[in-house]
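The values are calculated or read from the model by the stated rules, or taken from the named source; none is laboratory data. These numbers were taken from a predicted model, which means no experiment stands behind them. Virtual Cβ from ideal backbone geometry, glycine too; neighbours counted across all protein chains shown.
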């Protein structure tokens, strides 16, 4: 074990155990460590390494003593085990301090690279994010990612499989914070790594890359990325429908509405042929939403048929996300295709989609509530949106960047309606959120 290394280097420097133990260790503790009678923790190893080099500098003696010599796989396992114990305390509500969580996270983030490291890192990071410390977590993820980039792995070892959860978390963060250039650089790097390792590239890599290009306005690159995926021989129907949707959304951003409608229809037809009920409901919803957003009288009959098909779908046969979007599409479709629908009836339908998304599908809530805020000036409905957003903020069910963006558009709408008490309430919530964009949001309000 590594106690003998510490003992050897200490004697080489000519210092005694009391000198090296310093203020944080007793002589007996150091003696146990040097004689391999106790396990060396990451924190203690760090302290000993620092103290050894401090005495080296004070004595003017050079010493060749690297921190990496002190930790091996056994020590990594100990760090893992200790961190797991802290996680158990967290689960049992015995740890309430964010500083304790961060200390645990840092301890494990800088442990040696190994099989056990990433899964535990993700667990602790998720708990820290619940305290609105997402920026801190992302900094650590980026450092861990750089460790993997710079490590010298054997050929048979595929680091992507170990680091993939970190990559996925970073992609989600970059996307939600509109850092699309960082998102593209990360995906391109790992795609190149997979190609070099002759590992199959997952569809999500194509989709996330195309999405980032599209949101940056690089529409040709977005289409080329999806076309590369569609040219693959092996792909399942769900992934193919997802690719069609991304192309349709990109054409919509380009204001090429006929092309956009055509790709939405391709997804609708394929999902119908394959019997994919959720995908079919989502495709119909996308088609209706696109048509209402950009009315085109030349293809009205196609959309009347799509809306009729939407109304025939049994909500009990599809999942919560598909149901959320179906209810919203029913509402806006009713306004467009149902004669003499009252404003009250229309707002009631919108409210039903909002309530369902809040109760059963937080993953679709952001899109639903954003669309409703854009769609209506109804005071009661906007206040309902605000109440739900504030409830999710308290539960940390959406990340701060999404909460902030929803609050700012709600604030603008309510300000126009001269409902200033709600605007002041939004301002106070933004003041308590952490992140670099909230100050700008406050200034706008």
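A few points about this structure:
- Put simply, of 289, 309 the only residue that is in contact (Cβ under 8 Å) with a residue 60 or more places away in the chain, in the same structural domain as residue 366 (by TED's automatic domain parsing) and surrounded by 14 or more Cβ atoms within 10 Å (Cβ to Cβ) is 289.
- Filter result (part of a helix (DSSP H, G or I), crowded, with 16+ Cβ neighbours inside 10 Å and touching a residue at least 24 places away in the same chain (Cβ under 8 Å)) within segment 347-365: 347, 350, 351, 353, 354, 356, 357, 358, 362, 364, 365
- For segment 392-407, the condition holds for at least one residue, the condition being that it is surrounded by 13 or more Cβ atoms within 10 Å (Cβ to Cβ), at pLDDT 85 or above and part of a helix (DSSP H, G or I).
- Test: residue in segment 419-433 that is outside the structural domain of residue 292 (by TED's automatic domain parsing), at pLDDT below 85, in contact with a helix residue (DSSP H, G or I) (Cβ under 7 Å, 6 or more places away or on another chain) and closer than 24 Å to residue 282 by Cα: no
- Residues being under 20 Å from residue 61 (Cα atoms) and in a helix (DSSP H, G or I) - total across segment 5-45: 14
- Some residue of segment 197-210 being assigned to a helix (DSSP H, G or I) and under 28 Å from residue 303 (Cα atoms): yes
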